[in-house]
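No value in this document is a laboratory result; all are computed from the given coordinates. Every value quoted in this text rests on a predicted model; they were computed, and no experiment measured them. No Cβ is skipped: glycine too gets one built from the backbone with ideal geometry, and neighbour counts run over all protein chains shown.
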Amino acid sequence: MKAREQLSGYIALQRLLDHRTALKRERDTPPEALTTLRTQFAERHDKLEHAHKRRESLQGEQGSLQPEVEALREEREHFRKQKSQVTNMKQLSAVVSELDHVESQLKAKEDRLLAIWQELEVTDADIATLGEESHEERTLREEAEAAWDVGRKAAEAGLADVERELSNVQRELGEAGMASFKKLWASRKPNAVVPMDGTACSACHADLRPSLVQLVRTNEELQFCDHCRRLLYDPEKFKASA
């Protein structure tokens, strides 16, 4: 196989491998807009789940606290009645002390109970809001999912075409040609075959010797960059297909 034919095959392989990488990325990576919509939906779901758990916790605390408040209120009434029935200062002092203690406990628990009721109102409002995805939001998300599904299928079809083209090029290059390419690819991937950029290497950007530039342009033999050892070609002679 002539050097030009071999170089042409290597360039085709490089371009097909680049295209395959791009198609895999397109297949596996959702568009940024869809990622944003998914994140928003997931955050809404997480917040809703947290709100439900918080409501459950508050309701549990409320259920435990309510009987305690009722018991303390009964105890307060007991001491109030007892206070009205005492006959001396010593008894009065003792009852007042007990009453103060009960009222202090009761106030703390009533304050907490009020705070729970208030937080439950806010939590219930949050649940109502978070649980309602608007028609516009749902439509936008579903359309984005559908569009990406179409894009993924197109990428899969493109990958199948690329794999067939790769097989054809590999067959044309033969075992010896492919062995040389695989060796080069193993040490220089993902860009083993690169175009010149003017009189420089487009990969490492090093200036090329004038004589090397001329040899690359004549493409009678395979030529490599003196600095990065990648295979060079003249982009004017090997234009990418549209």
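Structure notes:
- Using only the C-alpha atoms, the convex hull of the chain corresponds to 231 Å³ per residue.
- For segment 67-186, a crude dipole built from +1 on the beta carbon of Lys and Arg and -1 on the beta carbon of Asp and Glu, taken about the Cα centre, is about 720 debye to the nearest 20.
- Amide H contacts for Ala200 (H built 1.01 Å from N in the peptide plane; partners 5 or more residues away or on another chain; cut-off under 5 Å): Leu208.
- Debye, to nearest 20: dipole size of the chain, +1 on Lys, Arg Cβ, -1 on Asp, Glu Cβ: 1340 debye
- Residue-wise HN-Hα coupling along segment 90-95, computed from phi with Karplus coefficients 6.51, -1.76, 1.60 (Hz; x: Gly, Pro): 5, 5, 4, 4, 5, 5
- DSSP finds beta bridges in segment 139-242, and of those with both partners inside it, around 60 percent are antiparallel.
- Note, ³J(HN,Hα) from phi for segment 180-190, Karplus 6.51, -1.76, 1.60, rounded to Hz, x at Gly and Pro: 5, 5, 4, 5, 5, 4, 4, 9, 10, 5, x
- When both bridge partners sit in the chain, DSSP labels roughly 60% of those beta bridges antiparallel.
- Dipole of the chain, positive direction: furthest Cα of Ala42, Ser134, Ala192, with charges on the beta-carbon: Ala192
- Measuring nothing but how far apart in sequence close Cα pairs (under 8 Å, 6+ apart) lie, relative to its length, segment 3-190 scores a relative contact order of 46 percent.
- With 24 Å as the limit, the listed pairs Lys2/Lys237; Lys53/Lys107; Lys24/Lys237; Lys24/Lys47; Lys2/Lys24 have Lys53/Lys107; Lys24/Lys237; Lys24/Lys47; Lys2/Lys24 beyond it between alpha carbons.
- Note on Arg54 and Arg138: with the Förster distance fixed at 22 Å, the Cβ-Cβ geometry gives a FRET efficiency of about 0.30.
- Straight-line reach from Lys83: taking Cα to Cα under 17 Å and skipping same-chain neighbours fewer than 8 places apart, no lysines fall in range.
- Stretch gain in nm, segment Ser187-Ala42, where the contour uses 0.36 nm per residue and the Cα spacing is subtracted: 48.0 nm
- Sum of side-chain charges, Leu113 neighbourhood, beta-carbon under 10 Å (Lys, Arg +1; Asp, Glu -1): -2
- Database remark: amide H of Arg230 closer than 5 angstrom to the amide H of Cys225 (H placed geometrically; neighbours at sequence offset of 5 or more, or on other chains; Pro and chain starts carry no H).
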